[in-house]
Structures are given as C-alpha cells and as structure tokens.
Amino acid sequence: MSNFSIPLHILVIGTGGTIAGLKTVSGRGYQAGQVPISTLLTQINSKFPLKNMQLSNIDSCDLSEPLLSELGIQVRTGLADPDVIGIVITHGTDTMEETATFLEFVCGGSARNFGKKVVLTGAMLPSDHREADGPQNLSNAIEFAGKRDGQSGIWAVMGSEPIPGLALVKGHSSQTNAFFGEALPNDWVQVSNDLPIPLDNQWPWVEIITSHVGARPETITFLKNHGVQGIVLAGTGAGTVHENLAPALEQFMKAGGAVVRASRIGRGYIGGSLANGRLAKALSAGYLNPAKARIALQLALFASTQSGANPLSWQDYFARIVGLPEFR
Ligand code: SIN
C-alpha cells in the first residue's frame, strides 16, 4: 500500500498490542506488538482508501507518557488534515482506557469540531491465532470511522458495538468480549475546549494508592518526600479511605499536593464528600476509574501551569473535564 497523496482517506495509526501479536515459538503464550500495521491492513477489505502510520509496536503495558503525547500530536494533525475522513488507532487492550481518556481530553473537542471520529481498536487474541478477533475489530473500526453519521468524537470498537472513549472499560482479563461501556448519564457534558498536551518531562508525576485492609501510610509519605504532585486514591466502595491513610493524604494536600478520590471497584459514580469527613478537600473522580482519573489529574495539573488570559486551578480543570458540580 502506498502512502503517497491519497485524497480523502482514513488514517490508521499502529501502536502495537495483541492485535499485532504473534504466538511465541514455544507455542506457550504470545508476544504483543510484532506485526506492522501495514501487514495487518492487508488482512481486511476496506471500502475507504487507507493511509497507515506506525507510531510504535509495543505491548501497551509499557506505554509511556511521551508516547501518549506523540499520539495526541499525530491525532490533532490528522483531525486538521482535510484529506483525513477519520482516524483509527490499533492499540493494546490493557491500557486502551487510559489512551481513550487522554484523547478525549486533548483531542475530543477538535474531533467534534471537525466532525470526525477517532476510533481505538485492538484484539484479545494474537494475529496468528486461528480465531483471531483483530481483523474483524479493525474492519469494524474502519467502517465506523468512515461513516458520516454525526457521531464525531473519541470512540473504541471492540466487537461490533462502538463505545464512547470515556465510557470504555476493560472488564475481563481474557474473554474476547472483555470490553463494555460505562453508562454515562444522558446529560453528560462533553468538554469543547481541548486541554494542552504535556511533552516529554512536562507530565506531572501522579501515582495511584489503593485503600485496603491493613493499609499503611508510609508509601504516601515516601511519595510526598520525593516530589509526587498528585495522588489518586483507589478507595474502597464509594471512594472511602482507611483511617491509616487519611492523615497522610491530608498532610500531602496541606503541602500543596493534589488528591482525587476514585474507587477500586472501577465502576459507578464517585461524587460528593465522605460522611466521616475524611479527605474533605479532595476532588472526587466522577465516572472515572483510578487509571482514567490519574490521566485526567495529570492533564488538569499541567493545564493549570500554562499561563493564559484566565488561568484556572487544577481543581477547576479537573471538575470541568470530569463533569463535577464544582465546575466553573
Ligand atoms: C497489550 O495491551 O498490548 C497486550 C494485551 C492486549 O492487547 O490484549
């Protein structure tokens, strides 16, 4: 396939994952990110002209923040290109939720403004498996990306049903139908202003701390002393926090650290404040699970450092993108 001067095409960006995976020689297991996107595209029929770009070929468990930045920049470039009808990204399934969240907050507004779709897809079985799900997923994603049906924005196609990017959840570690869409409310407000993309070492350092039986505060103190800027609490139940962790998190916030309260359950809405008054100054993660909330917090922290006519705090940016009532 030639990549030269293809008018009106779909841009397919390969990043790796099981969709590009191959079984190991021993036959036990497989390695993700082995087959180039140009080869994967020979396995499908598309009614749209395609142009491909190999951004990386990795197991998505190794995804780095600078690579996310590069992806965001390529997606923005593609969205602004009048010859690009839509964009498809092949991606490992393990961190697809985080990439979808990142793209929603840095490119979602542009995608909607340009009336185009950005569609993530992947596979649960490697490309040389006899029941490989990748070719059908890729084909469905391309078909959906090219359809002019007014549903512009960030999406994922894993199977036949498109899932809005921000709602995407990997809910099973091995089944081929591993993904579902979290039910966001009908009045969910999508942000129209894209946040800036941090480059290289501009990404704020944010960690996830889990609350659990017998939790201990030392890790929080260690992180605080080593310059972590934000902590997402993967709390119990509705984002509750162990009494052993709360004082260390309070101290971290007093020292200027950002804390967001999510739930390790990974589904449902986390809002408001806790009845026991713990972490009253933390923001809640809304519909975002801890991994997604971490990306959102990084982007909100970075946005708050960018000078503009009307600078907002990280809390303002976070509340705005996550759809919290604190939005202003
Ligand atoms: C990965 O995330 O790259 C490996 C797992 C997968 O794609 O299913």
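Miscellaneous remarks
- Scope the stretch 289-311; condition farther than 17 Å from residue 241 by Cβ and outside any helix (DSSP H, G or I); matching residues: 306, 307, 308, 309, 310, 311
- Inclusion of residue 15 among residues that are among the polar types (S, T, N, Q), within 19 Å of the chain's Cα centre (by Cα) and within 16 Å of the ligand (Cβ to nearest atom) is warranted.
- Picking from residues in the stretch 67-79 that are open to solvent by less than 50 Å² (accessible area, probe 1.4 Å) and under 15 Å from the mean Cα position of the chain (by Cα), the one that is nearest to the ligand (Cβ to nearest atom) is 67.
- Flag for residue 27 being open to solvent by 20 Å² or more (accessible area, probe 1.4 Å), small (Gly, Ala, Ser) and on the phi > 0 side of the Ramachandran plot: yes
- Some residue of the stretch 303-311 being touching a strand residue (DSSP E or B) at 6+ places or on another chain (Cβ under 7 Å) and open to solvent by 10 Å² or more (accessible area, probe 1.4 Å): no
- Selection within the stretch 66-107 - of a type in the set (Gly, Ala, Ser) and without any contact (Cβ under 8 Å) to a residue 40 or more places away in the chain: 80
- Number of positions in the stretch 80-93 that are open to solvent by less than 50 Å² (accessible area, probe 1.4 Å) and closer than 17 Å to residue 6 by Cβ: 5
- Failed criterion for residue 60 (all others in (1) among the small types (Gly, Ala, Ser); (2) out of contact with any strand residue (DSSP E or B) (no Cβ under 8 Å at 6 or more places or on another chain); (3) within 12 Å of the ligand (Cβ to nearest atom) hold): (2)
- Check on residue 36, surrounded by fewer than 21 Cβ atoms within 10 Å (Cβ to Cβ) and touching a strand residue (DSSP E or B) at 6+ places or on another chain (Cβ under 9 Å): yes
- Residue, nearest to residue 207 (Cα to Cα), within the stretch 241-276, restricted to residues that are of a type in the set (Lys, Arg) and within 26 Å of the chain's Cα centre (by Cα): 261
- Residue tally, condition surrounded by 24 or more Cβ atoms within 10 Å (Cβ to Cβ), away from the ligand (no atom under 16 Å from the Cβ) and touching a residue at least 60 places away in the same chain (Cβ under 8 Å), over the stretch 108-124: 1
The values are calculated or read from the model by the stated rules, or taken from the named source; none is laboratory data. Predicted model, so just to flag it, every value in this text is computed and none were measured. Quick reminder, even Gly has a Cβ in these numbers, built from the backbone with ideal geometry, and neighbours come from all protein chains shown. Only protein heavy atoms, including side chains, enter the accessible area calculation; ligands, DNA and RNA are left aside. Shrake-Rupley method; radii C 1.70, N 1.55, O 1.52, S 1.80 Å.
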